[in-house]
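The values are calculated or read from the model by the stated rules, or taken from the named source; none is laboratory data. Owing to the predicted nature of the structure, the values given are computational and were not obtained by experimental measurement. Cβ placement follows ideal geometry from the backbone for every residue including glycine, while neighbour counts extend to all protein chains displayed. To get the accessible areas, we keep the full protein, side chains included, count just its heavy atoms, and leave off ligands, DNA and RNA. Shrake-Rupley method; radii C 1.70, N 1.55, O 1.52, S 1.80 Å.
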Amino acid sequence: MSLAAYVLTIESIEERVTDARELVDYMVKLDVAEEISVFPAIYWKDENSIIDFLTRHPEHTFSEKNLSQCLMGQLATTLSHISIWRQLLNSSHEGALVFEDDMYISDTQRFTDIVTELKQKPELEWVRIHLHKKYRDEALRLKGVGLFADDPMPWGFATYYISRAGAKKLLGQCYNMGQPIDWLPPLMKQHGFLDSKTVTEVVVEHHDFEGDESELEGRDEIECKEDKLQKSPSTVWTSPLLAENVRLYTFVSRLTKMRQLKTEGITVLRGVFDQDEVVKARELVLENRNLFKNTRPTPSAGHLAGFHRFPALESLHVRPAGNPVIGSFFQLFFNSFSSRQVSAPSA
């Protein structure tokens with residue numbers, strides 16, 4: 001069974017790259033996989049890399065609620081792991097070990113035992129290899145059942161194994177995503193869509209924090225908790241909300257709308273017109289209610305064959321047809337899109 005080992009790292013942060021390369025070199029000496037390499041993560045500060053990835057893979061969308069709440073770092077982390085799963089499927093390997101760059105192998109013998117066992121169990125789809133300190137005791141209590149047990153943890157992607165079958169299943173759920181990416185395997189397991197396991201031994205760890213309290217001042221309070229304290233500061237928790245980046249938020253949101261339009265035949269572009277414009281449009285329709293023919297049993301139902309055909313209502317056609325936000329959305333939706341203004345018929 002052919003395995004790959006990928007170490008995700010942010011190439012613009014020297015310390016992280018150094019740690020990633022050291023981990024790669026160590027695994028090369030252990031000869032645990034057929035391909036062992038550093039894999040460039042998508043960094044939230046590199047806005048263009050996010051746009052480029054989603055332009056190439058617009059099927060990976062997010063729920064509106066998630067987009068309004070998620071941090072830029074969470075978005076970038078999600079796309080980084082999706083990118084690795086796609087890389088696995090584009091390779092000839094049957095599975096991959098995935099490490100974040102601040103990890104090291106703490107028990108070489110047990111780690112190699114786990115890798116050997118993984119190669120002999122092609123049916124395994126996803127296996128948690130790093131045991132988070134918050135849930136570690138629960139996993140260690142399962143040691144009696146063997147190297148692998150049903151995964152009890154609700155999140156965490158520091159180190160894991162994923163098979164080709166697992167990658168296909170996970171990617172198949174990477175649309176209209178409503179939560180951080182590391183919640184996905186536990187949720188799929190809960191609904192019976194993924195056979196999610198965990199190791200029952202501590203074999204990998206985060207590099208220990210070796211500084212003093214003054215070095216923690218720039219970190220988010222979450223990172224200062226005992227069970228989360230580690231050498232490298234997180235690039236996620238100190239990142240801003242995606243909603244604060246209007247350009248990127250609008251771009252990612254439109255991809256969600258595109259998918260909704262393709263799958264459901266309808267979508268809503270919020271905020272294109274302000275409330276005053278919406279109120280005036282409604283008033284204009286009601287003022288010209290006599291132009292609408294009743295075509296349904298319901299007395300209030302009315303139909304009109306195009307606002308542009310009636311001078312009194314033509315503005316209701318011109319405003320959306322000439323709106324740049326709507327125009328750019330359709331251009332993105334159809335990839336190459338040209339349109340022409342439909343004019344009112346001449347008298």
**Study point:** Rounded to 5, percent antiparallel among DSSP beta bridges of the chain
**Key:** 50 percent
Review point. Amide H to amide H, which residues 5 or more places from Phe62 or on other chains are under 5 Å from it, using H placed in the peptide plane?
Key: Asn176, Met177, Thr256
Study note, to complete from the structure: Expressed in nanometres to one decimal, the distance between label points 7 Å along Cα→Cβ at Thr108 and Leu286 is 7.9 nm
Practice item. Work out, step by step, the length gained on full extension between Ser63 and Thr116: first 0.36 nm times the residue separation, then minus their alpha carbon distance; give nm to one decimal. Key: 15.2 nm
Review point. To the nearest 0.05, how large is the calculated FRET efficiency for Glu34 and Asn323 if R₀ is 45 Å and r is the Cβ-Cβ distance?
Key: 0.25
Practice item. Can you tell me the relative contact order of the chain? Whole percent, Cα pairs under 8 Å, sequence separation 6 or more. Key: 19 percent
Check your understanding: Label Asn90 and Lys133 with points 7 Å out from Cα along Cα→Cβ: what is the distance between them in nm?
Key -> 3.7 nm
Exercise for review: Distance from a point 7 Å along Cα→Cβ of Gln260 to each backbone N in segment 63-100: keep the residues under 13 Å and list them by number.
Suggested key: 63-68
Check your understanding: Please identify the trypsin sites (Lys or Arg not before Pro) of segment 236-279 that satisfy two criteria: DSSP loop assignment and at most 15 other Cβ atoms within 10 Å. Which are they?
Key -> Arg270
Practice item. Rank by packing, highest mean first: peptides 288-296, 197-205, 89-97, with packing defined as the count of other Cβ atoms within 10 Å averaged across residues. Key: 197-205, 89-97, 288-296
Practice item. Kindly report, to the nearest 10 Å², the accessible surface of Glu22 as traced by a 1.4 Å probe over protein heavy atoms only. Key: 110 Å²
Point to revise | FRET efficiency, 1/(1 + (r/R0)^6) with R0 25 Å, evaluated for Thr18 and Lys45 via beta carbons | key: 0.85
Practice item. Work out the P(r) tail for segment 82-136: percent of alpha carbon pairs separated by more than 13 Å, whole number. Key: 69 percent
Revision key, fill the gap. Filtered hits (lysines, Cα-Cα < 24 Å from Lys293, offset >= 8 within chain) -> Lys280
Practice item. Rounded to the nearest 500, what is the 222 nm mean residue ellipticity of the chain from helices alone, with -39500 (n - 2.57) per DSSP H run of 4+ residues and division by all residues? Key: -11500 deg cm²/dmol
Exercise for review: Restricting things to alpha carbons, find the Rg to Rh ratio for the chain using the Kirkwood radius for Rh.
Suggested key: 1.11
**Study point:** Gained length - Tyr26 relative to Arg270, 0.36 nm times residue gap less alpha-carbon distance
**Key:** 82.7 nm
Review point. What is the Rg over Rh value, at two decimals, for segment 1-110, using alpha-carbon atoms and the Kirkwood definition of Rh?
Key: 1.01
**Study point:** Computed over segment 11-74: relative contact order in percent, which uses C-alpha pairs under 8 Å that are six or more apart
**Key:** 23 percent
Study note, to complete from the structure: Per-residue accessible area, 1.4 Å probe, largest first, puts Tyr135, Tyr175, Tyr6 in the order Tyr175, Tyr135, Tyr6
Check your understanding: Relative to the present Cα-Cα distance, how much length would full extension add between Thr238 and Phe193 at 0.36 nm per residue of separation?
Key -> 12.9 nm
